[in-house]
Amino acid sequence: MATASTIPPTSRAPDVPLRAGEDVPPGGADRSAPAIGVEGPHTGSLARRMMLIAAGWIMILLLGGGFALDRTLVNLVEDNFDDQLRYILTAMIGSTEIEQGGEVYLNRPLGDQRFLEPGSGLYWQVSGEGFEDLPSRSLWDRQLEVRGDHSDNDVHIYDSAQFPSEPLRVAERSLKLPNSDTNWWFVVAASREELNAQIRQIRSILVWSFAVLGFGLLVMAMLVTYYGLRPLRRIRVAIQRIRTTGENRVTEPLPYEVQPLVQELNALLSHSERQAEEARTHAGNLAHALKTPLTVINNAATAKAPDLPNTVIREATTMRRHVDHHLARARAVGRRAVGHARTPVCESAEAVRRAVERLYPDVRFDLDGNRSAQVAIERQDLDEILGNLIENAAKYGGGSVFVTVDAEELNPQCVIWVEDDGMGIPDEERTRIFDRGARLDTGKPGTGLGLAIVRDVAEIYGGSVELGESEDLGGLLVNLSLPRPL
């Protein structure tokens, strides 16, 4: 199984010729990765999306506001026009009297000169059943048609098309005059041409005003979109600088809204750097660890030493020990990068206990604590950590092993205690024992890598391990702290 950073030789498919001036990256071209400058999958333009949303809302608001304003202004103009008709109608009723024969007449002329001009667009008429109509001179030879569909004293205003070439706005009212039993109809009509001209002018002003306002709002939305998304373009330039100039962080000042993205990006870069540095460290450490055994084997083989087989076996064991150690670290680093795991501690501890009991059937195991406790570690790595600790406790203890899970539930990390009733480890040796290959009891089989692997894997996941003295059993106490799932 390959370890650390084994780099394949530079290769190129034979059917793809190398163009002049083209450099082949170390390790060969990655055909699965998109080429720089080639547009990858996306969900569309963010700027276009913002512009479409802004344009849609601007259109809806302008159309709704324009319609409401149009109806308001048109109603105001029509109400003003109708008030003038009501005023004239009231003045005409106040000027009407009954003659001796029952006919009606106006005791004074109405003030508007247009009533005296034929076809002027302003007309009045008084009608009564059984009597001839009394029209204004402006009607000339025409006659206003009285709707007569009501019997109250209110003024009724409506539009009329009784004159084909002249739409009218009509106000009429019926009432009985003093000294008369006849129901008289008073009608005032005015041409709608002036009213329609005012409405057209209002609507023209509204259309042009709202068109200019809509264009201005769209320009403003474009500017807001351009300058609002500008920090994202600056982030792109900063990332390009990281790729081309070797910078390792985005340090350019950016708005508060974009700063969390920059912080996450810098954290990702830092994480990638740590992984790369760990990979280089693993490769260097493994190469350095294997160098001496290989040199010993090579020298023994060259000198044809009589103890060559024993030398090969001894040095191969040493190399396997180093390989196992670095493979454990490499697996932990790789699995940590995949995502946050959720592993029940007691399930892993029970599985390890059953396996260790087969090796040490005379050892008594006790498992206590929070049965639902979970840690943010892959199951294989947790099994390896607990396997090393419990096996060491069984191997070097006096016959009893206690495992307590989540001993401090309020702790931000899950705490696991592994205790035995052995001789323990002196204070001055508790730091050295974590070194690779360090062993205090050389009389029992082992590689001296168990605690080193436990410490390294725990630290990779953000945990820690400490050694102490068990108060209950008197032997070694291992205090293992591991992160809880988010």
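The values are calculated or read from the model by the stated rules, or taken from the named source; none is laboratory data. The structure displayed is predicted, hence computed values, not measured ones. A quick note on method: Cβ atoms are made from the backbone with ideal geometry, for glycine too, and the neighbour counts reach across all protein chains shown. Side chains included, ligands, DNA and RNA excluded: accessible areas come from the protein's heavy atoms. Shrake-Rupley method; radii C 1.70, N 1.55, O 1.52, S 1.80 Å.
In this label model, VAL146 and ARG243 are separated by 9.0 nm, measuring between points 7 Å along each Cα→Cβ vector. A straight Cα-to-Cα reach below 18 Å connects LYS395 with the aspartates and glutamates GLU350, GLU357, ASP362, ASP366, ASP383, GLU384, GLU419, ASP420, ASP421, ASP441, GLU469, residues fewer than 8 places away in its own chain not being considered. Full extension of the chain segment joining ARG86 with THR295 gains 63.3 nm, where the gain is 0.36 nm per residue of separation less the Cα-Cα distance. Per residue, region 130-201 exposes an accessible area of 58 Å² to a 1.4 Å probe, with every protein chain left in place. Note on ARG108 and TYR256: their simple-model spin labels are 7.3 nm apart, each label 7 Å out from Cα toward Cβ.
Give, as a single signed number, the net charge of other residues whose beta carbon lies under 12 Å from the beta carbon of SER174, with Lys and Arg counted +1 and Asp and Glu -1.
On the way: positive: ARG147, ARG173, LYS176; negative: GLU129, ASP149, ASP152, ASP154, GLU172.
Residues close to SER174 contribute a combined charge of -2.
If amide H atoms are built 1.01 Å from N in the plane of the peptide, which residues on other chains or at least 5 residues away come under 5 Å of the amide H of LEU477? Answer set, sorted by chain and number: GLY468, GLU469, SER470.
The listed residues HIS150, HIS271, once ranked by accessible area (1.4 Å probe) with the largest placed first, stand as HIS271, HIS150.
Electrostatic bookkeeping for ILE390 treats Lys and Arg as +1 and Asp and Glu as -1; over the other residues with beta carbon under 13 Å from its beta carbon, the sum is -3. Every pair of different Cα atoms in region 117-188 enters the Kirkwood calculation, which places the hydrodynamic radius at 12.9 Å.
These residues, ASP406, ASP133, ASP149, go from largest to smallest accessible area, 1.4 Å probe, as ASP149, ASP133, ASP406. Model label points for GLU408 and ARG314, set 7 angstrom from Cα along the Cα-to-Cβ axis, are 4.5 nm apart.
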